[in-house]
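Visitor: The structure follows.
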Amino acid sequence: MQINLSELFTCEGKEKDYTPDIEMTCFHGPDGTYEIREKKPVVLHVKHTGGRKLEATGKAALSLMIPCSRCLEPVKVDFDLDIDISLDLNQSEEDRVENLDEQPYISGNYLDVDQLVRNELLLNLPMKVLCDENCKGICNRCGRNLNHGDCQCERSSPDPRMSVIQDIFKQFKEV
């Protein structure tokens, strides 16, 4: 959803509250695409501080379905995002890139709320998501989820230093 910010420029100090809905249905993160399970409207308070500069504060709440890092089962992860940004609409796109202050959620006098939420999510994604602290993960041979039961795969991992001796025993067994 895009918010037209030009109505705030009529006088310095003008403030307005917005409650736009999040329109995106999935989040495209660096490690994959995650379904948005629940979302609430974003609450934004925007204030014109003068000279086409704005201060925006607010909150966003949503839940993503992220796969467990061990067993790959989907896990619902809740996010309560605090938004606190300063916007300078005097800068051109080239100036923002040059100053490393890229704001892809600003286009002309419009604020893209979905892109703003996407940026905040990128900053708040957890390093690792677990369905349970005691998650057993998946079998590295057959791929079975070990939380649902054991598999029939051989679990012994021989000492690599003994591989030469094991090869000699295998030769004798074949004879």
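Visitor: To the nearest 10 degrees, how steeply does helix 113-124 sit against the main Cα axis of the chain, on a 0 to 90 scale?
Guide: For 113-124 against the chain, the angle is about 40 degrees.
Visitor: Same structure, new question: Using only the alpha-carbon atoms, how far is helix 163-174 inclined from the longest principal axis of the chain? Give it as 0 to 90 degrees, nearest 10.
Guide: Value to nearest ten degrees: 50.
Visitor: Any lysines with Cα under 24 Å of the LYS47 Cα? List them, leaving off those in the same chain fewer than 8 positions away.
Guide: LYS14, LYS16, LYS59
Visitor: Same structure again: Output the Cα-based Rg and Dmax of the chain in Å, rounding Rg to one decimal and Dmax to a whole number.
Guide: Gyration radius and largest Cα-Cα distance of the chain: 26.0, 95 Å.
Visitor: Where the only charges are on Cβ atoms (+1 Lys, Arg; -1 Asp, Glu), what is the dipole of the chain about its Cα centre, to the nearest 20 debye?
Guide: The dipole of the chain has a size of about 980 debye.
Visitor: Name the residue, out of VAL113, VAL164, VAL129, whose mean-square fluctuation peaks in a Gaussian network model built on the chain with Cα pairs under 10 Å.
Guide: Comparing VAL113, VAL164, VAL129 in a Gaussian network model of the chain, the most mobile one is VAL164.
Visitor: Exposed loop sites here are GluC sites (Glu not before Pro) in DSSP loop states with at most 15 other C-beta atoms within 10 Å. What is the longest stretch of the chain lacking them?
Guide: Maximal segment without exposed cleavage sites: 24-101.
Visitor: While we're here: Express in whole angstrom the spacing between the alpha-carbon centres of the range 1-42 and the range 112-169.
Guide: Taking the Cα centre of each part, the range 1-42 and the range 112-169 sit 35 Å apart.
Visitor: A follow-up question, please. Rounded to the nearest 0.05, what FRET efficiency do ASN147 and GLU35 give with R0 = 22 Å and r taken as the Cβ-Cβ distance? Could you check?
Guide: Values: r = 21 Å, r/R0 = 0.96.
The value I calculate is 0.55.
All of the numbers you see were taken from the coordinates with simple rules; none came from a lab. Please read these numbers as outputs of a predicted model, since none were measured by experiment. Counting neighbours? That spans all protein chains shown, and the Cβs are built from the backbone with ideal geometry, glycine included.
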